Each structure stands twice: as structure tokens, then as C-alpha cells.
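**Q** There's a structure below that I have some questions on.
The values are calculated or read from the model by the stated rules, or taken from the named source; none is laboratory data. All values derive from a computational prediction rather than experimental measurement. Don't worry about glycine lacking a Cβ; one is built from the backbone with ideal geometry, like all the others, and counts go over all protein chains shown.
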Amino acid sequence: MEKEASWLYSKSVISVLIELAKKPGTPMQLRIRTGMTKNNYANIILKNLERERLVKCLTPREKIGRIFCVNPESKYRVERIFRKKKISQRVNPLPDLNWKAYGMLLCRNLCTQMHEVFKKAYMFGNEMDFENNSKKKITIPGLQKEKLPKMPTSNIHRAFSRLVEIGIMKNRDAWPREYAFTEDALRIIEFDSSIIQ
């Protein structure tokens with residue numbers, strides 16, 4: 001059994017590993033969840049953990065919304081580190097998600113309009129249309145009128161196009177164009193409901 005490097009047992013590294021064992025996240029999320037003061041601390045720790053093959057990036061080609069998790073191949077090694085530190089944390093299994101879309105929705109500061117349109121469309125689509133006794137249809141005019149009156153129509157169109165492109169919404173053949181959530185979107189919402197809050 002190989003001896004672990006001593007830096008793996010530092011407080012900040014352990015806190016990042018604990019958070020990743022609970023749920024995958026972006027460097028910004030990890031910074032917030034662990035209480036680190038600077039973004040680059042989380043990035044440096046993640047790079048070092050990736051070099052040790054304890055952590056894996058689920059979206060390596062993405063510049064925005066990179067998602068990190070405990071490397072499934074190193075799960076037992078991470079749990080051994082926890083046991084040595086007397087921490088009773090297990091590594092949760094990874095769900096089957098569209099990680100690229102999840103990362104884009106979490107990256108609120110750079111994808112603000114896309115996230116806002118996704119959140120408002122979810123709220124709007126779950127409201128009842130009492131005239132027809134069914135859920136409301138997600139259309140750009142309806143969404144803009146009721147939920148996003150200050151956002152320009154071109155921005156809403158652009159956000160919907162991006163949501164369709166990353167695979168969490170689909171458009172139906174109708175005029176005005178109707179949108180619906182894909183199974184990927186519903187799995188993401190089930191995994192992390194903070195996206196729609």
C-alpha cells in the first residue's frame with residue numbers, strides 16, 4: 001500500500017474532497033461550499049488532486065461550467081484518506097446526467113440569461129392554465145409577457161436556442177414555437193433543485 005502525500009491531509013484539501021464526495025461541483029461552488037476566500041485556491045487544489053488522479057473533470061473540453069467529481073477509480077483511496085482523518089463520509093455514486101448542461105446552468109455569472117430563462121420556463125410550464133384545465137405551454141411570447149417582461153425578445157430567443165443546443169430543452173413544431181423540457185433537464189432538476197430557485 002503506497003503512502004499518501006502529506007498535502008492530501010490539509011484542511012482545505014480534505015474539505016474539497018468531502019464536498020466532492022457528496023456531490024460534483026464547479027470550482028466556484030466548491031469555493032463557496034468550503035468557505036475558501038479566493039477562487040484560485042479551489043482551482044489549485046483541484047489541479048493537484050487531478051494530477052494525483054483522485055479527482056476527475058467531467059467536462060474537460062468546456063471553458064465555462066467545468067464540473068469536477070471524485071474519480072470513480074480512486075473512490076476507495078479517497079475513503080481511506082477520510083478514515084485516516086476519522087471522517088465518516090462515503091463517496092456518493094455519480095448519476096447519469098448531461099454534465100455539460102449542468103455546468104452551464106450552474107455558471108450563473110456567465111450564463112445569467114440562459115439560467116434565468118430556464119428557471120422562469122420551469123415555473124411557467126408548471127403553472128395551470130385554468131381556461132384549458134392543463135399546464136401552460138412554454139412559448140416565448142407567453143413567457144416574456146408573464147415572467148420576463150424586461151428581457152428583450154432577442155435575448156430570450158438566444159437563451160432558448162442555447163438550451164436546445166445543450167440538450168435540455170426541445171422545441172415542438174408549432175407557431176408560436178413551443179418548448180418542452182427533455183429528460184436530461186428533469187434529471188438535472190431532480191439532482192439539484194437549487195437550479196430552479
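**Q** Starting from residues that are in contact with a helix residue (DSSP H, G or I) (Cβ under 6 Å, 6 or more places away or on another chain) and assigned to a helix (DSSP H, G or I), keep the ones in segment 18-29 and report whichever is nearest to TYR102 (Cα to Cα).
**A** PRO27
**Q** While we're on this one: Considering GLU183, GLU131, GLU127, which residue is at pLDDT below 85 and within 25 Å of the chain's Cα centre (by Cα)?
**A** One residue alone meets the criteria, GLU127.
**Q** Also: What pairs come up if the first residue lies in segment 146-158 and is closer than 17 Å to TYR122 by Cα, the second is of a type in the set (Lys, Arg), and their beta carbons are under 8 Å apart, counting only those six or more places apart or on different chains?
**A** What qualifies is LYS147/LYS120; LEU148/LYS120.
Results for (1) assigned to a helix (DSSP H, G or I); (2) in contact with a Gly (Cβ under 7 Å, 6 or more places away or on another chain); (3) over 30 Å from MET151 (Cβ atoms), shown as yes or no for each residue.
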residue	(1), (2), (3)
SER15	yes, no, yes
ARG31	yes, no, no
TYR41	yes, no, yes
LEU46	yes, no, yes
GLY65	no, yes, no
PHE82	yes, no, yes
LYS86	no, no, yes
ASN92	no, no, yes
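**Q** Can you name the residue in segment 68-104 that is in contact (Cβ under 8 Å) with a residue 24 or more places away in the chain, touching a strand residue (DSSP E or B) at 6+ places or on another chain (Cβ under 7 Å) and surrounded by 18 or more Cβ atoms within 10 Å (Cβ to Cβ) and is also farthest from LYS119 (Cα to Cα) among such residues?
**A** The qualifying residue farthest from LYS119 (Cα to Cα) is VAL78.
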